[in-house]
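The values are calculated or read from the model by the stated rules, or taken from the named source; none is laboratory data. Quantities reported herein were computed from a predicted structural model and do not represent experimental measurements. Here Cβ is always computed from backbone atoms with ideal geometry, including for glycine, and neighbour counts include all displayed protein chains.
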Amino acid sequence: MQRLAMRWKRAGTRIVFVPSMGCLHDGHLSLVREARRRCGRSGKVVLSIYVNPTQFGPKEDFARYPRDLASDLRLCRRAGVDAVFAPPDLYVRDSGAAHSTYVVEDTLSQTMEGAARPAHFRGVATVVAKLFNLVLPDVAVFGAKDWQQAAIVRRMVRDLDFPLEVVVAPTFRESDGLAMSSRNRYLTGNLRPQAVALSQALTLARAAVRRKPVSAARLAARLKRFIEQQPAARVDYVAFFEPETLLPVRIARPGVQLAIAVFLGPTRLIDNGCL
């Protein structure tokens, strides 16, 4: 991958990169379309497929995370991806030497997903840094559903002087509002209709703050009660924060970011949006 990218760079070819964990859906393909738009006719779109073991906790779903490489490759061909990078393991060198260097972001990673999933963002930042060094992109495209992740990647790029632009594309949703996610495949039986409560909570919050600014704590409690009306739902967190700094806010108002994490049975889903 790195040799191919270096050859493209020497020829002056623009590279736009979409990192993924595979099991591709229309949300991923919307990122590919954004990548194609940004690289132009002569540029190259690279998509990576790698289920990163170090961003999963010991009791999380790494072993059963959905994988379908054959289907992913078909979708990438149809979408006009120029190269798919699907390494078997990014943490073992050809020599078999153990990986012992990691990237840690110390500020933005302390709340929300970082608090709920210790060491998650260390795994994310490290593998994204490795992918940037292998693909050598001019632009990398991430989805807004993982807002905290995108903010941490942007901070890493700034702090470590990666020569690339990070683009955050809008969340792609099902017709009923559910944010697209590979984990949606876990939602069997009556779990799928209950999952719509996440996007409905976003709508409820936007309507509330458009009337007048409200206490973030009171609104969070209201959203928690609303979501947990669904029999299988258990809220992990509801957080209101500044979109750039990720600092929590006391007053929810238009322009503030809202993030939600919810368990539906054993499946954990996240969603977020700007109020």
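LEU90 satisfies every condition listed in (1) at pLDDT 95 or above; (2) closer than 21 Å to VAL157 by Cβ; (3) hydrophobic (A, V, I, L, M, F, W, C) except (1). In the same structural domain as ASP138 (by TED's automatic domain parsing), assigned to a helix (DSSP H, G or I), touching a residue at least 24 places away in the same chain (Cβ under 8 Å) and under 30 Å from PRO118 (Cα atoms): does that describe ASP61? No; evaluated as a whole, the condition is false for this residue. Among the residues making up region 110-126, those that are buried (at least 20 other Cβ atoms within 10 Å of the Cβ) and in contact with a strand residue (DSSP E or B) (Cβ under 8 Å, 6 or more places away or on another chain) are MET112, GLU113. Determine if region 169-182 includes at least one residue that is over 18 Å from LEU275 (Cα atoms), among the basic types (Lys, Arg) and surrounded by fewer than 20 Cβ atoms within 10 Å (Cβ to Cβ). Checked region 169-182: no residue is over 18 Å from LEU275 (Cα atoms), among the basic types (Lys, Arg) and surrounded by fewer than 20 Cβ atoms within 10 Å (Cβ to Cβ). Could you please let me know if ASP68 is of a type in the set (D, E, K, R), assigned by TED's automatic domain parsing to the domain that holds LEU24, closer than 21 Å to LEU269 by Cβ and more than 17 Å from the chain's Cα centre (by Cα)? When the stated conditions are applied, ASP68 passes them. Entry remark, region 128-158: residues being assigned to a helix (DSSP H, G or I) and more than 13 Å from the chain's Cα centre (by Cα) number 11 in total.
Every residue, every condition in (1) of a type in the set (Phe, Trp, Tyr); (2) touching a residue at least 40 places away in the same chain (Cβ under 8 Å); (3) surrounded by fewer than 17 Cβ atoms within 10 Å (Cβ to Cβ); (4) in the same structural domain as ARG206 (by TED's automatic domain parsing), yes or no:
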| position | (1), (2), (3), (4) |
| --- | --- |
| ALA221 | no, no, yes, yes |
| LYS224 | no, no, no, yes |
| GLN229 | no, no, yes, yes |
| GLU242 | no, no, yes, yes |
| PRO248 | no, yes, yes, yes |
| LEU258 | no, yes, no, yes |
| VAL262 | no, yes, no, yes |
| PRO266 | no, yes, yes, yes |
| ILE270 | no, yes, no, yes |
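Exactly one residue out of ASP61, ASP82 is over 18 Å from the mean Cα position of the chain (by Cα) and acidic (Asp, Glu): that is ASP82. A count restricted to region 207-244 and to residues that are under 22 Å from the mean Cα position of the chain (by Cα) and either of a type in the set (D, E, K, R) or over 23 Å from GLU113 (Cβ atoms) (or both) stands at 4. Residues that are in a helix (DSSP H, G or I), more than 14 Å from the chain's Cα centre (by Cα), crowded, with 19+ Cβ neighbours inside 10 Å and not basic (Lys, Arg): does region 19-27 have at least one? No, that holds for no residue. Residues that are basic (Lys, Arg) number at least 3 in the following helices (runs of 4 or more DSSP H) confined to region 161-275: 197-211, 216-227.
If we scan region 87-107, do we find a residue that is outside any loop (DSSP other than H, G, I, E, B), surrounded by fewer than 18 Cβ atoms within 10 Å (Cβ to Cβ) and without any contact (Cβ under 8 Å) to a residue 12 or more places away in the chain?
There is at least one residue in region 87-107 that is outside any loop (DSSP other than H, G, I, E, B), surrounded by fewer than 18 Cβ atoms within 10 Å (Cβ to Cβ) and without any contact (Cβ under 8 Å) to a residue 12 or more places away in the chain.
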